[in-house]
Amino acid sequence: MGANLDCPQCRAPILGSGTGRPSIGRPFDECPRCQTFVPRSHCNEWDFLSFPEQALHLWRAARIALGFGAVAGLSYGTYTLLAPVAFEPRIALGLLAAGVVGLSVWSGSRLFSAIRRSRHRLTDPMYRSKLVQFGISGETRAR
């Protein structure tokens with residue numbers, strides 16, 4: 001969890017503006033006290049991300065599904081080692097597949113929901129004018 005930033009004008013803390021892992025979201029926050037825009041260097045809109053950055057978000061979603069989805073199959077294998085039950089490869093494979101599919105649906109829905117929210121924000125002309133005012137676009141994003 002990242003630390004919060006302070007507003008450059010009034011030094012009020014901006015909650016949720018800390019630097020963290022790259023995410024899909026608004027690239028700026030507004031100070032609740034003085035309405036100054038404060039950059040969020042770790043966030044950007046989906047359409048402004050480069051292909052490698054988009055692939056990184058997709059890989060994170062897949063990694064969660066593959067990593068935690070394997071727990072169901074491995075837990076069955078552990079159960080057969082500890083209990084006097086014969087190991088059935090079809091059951092282990094079915095549990096592994098069910099875990100991966102279930103977590104793929106969950107992780108994918110979170111990612112696609114964030115993409116949908118990002119694209120919805122970009123349809124608002126006022127939000128786009130704030131992006132232009134703040135100097136954020138697809139081609140000229142300061143890294």
> Summing +1 for each Lys or Arg and -1 for each Asp or Glu, what net charge is found among the other residues whose Cβ lies under 14 Å from the Cβ of R117?
Replying inline: +2
>> With every atom except the alpha carbons ignored, what do you get for Rg and Dmax of segment 50-143, in angstroms?
In response: 20.9, 68
>> Binning at 10 angstrom from zero up to the longest distance, how are the C-alpha pair distances of segment 18-91 distributed in percent?
In response: 16, 27, 19, 15, 14, 7, 2
> Sorted by average packing, counted as other Cβ atoms within 10 angstrom per residue and highest first, what order do 107-116, 24-33 take?
Replying inline: 24-33, 107-116
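A short reminder: the numbers here are calculations on the coordinates, not readings from a lab. Remember, predicted model here, so these are calculated numbers, not experimental data. Cβ atoms come from the backbone with ideal geometry, glycine included; neighbour counts cover every protein chain shown.
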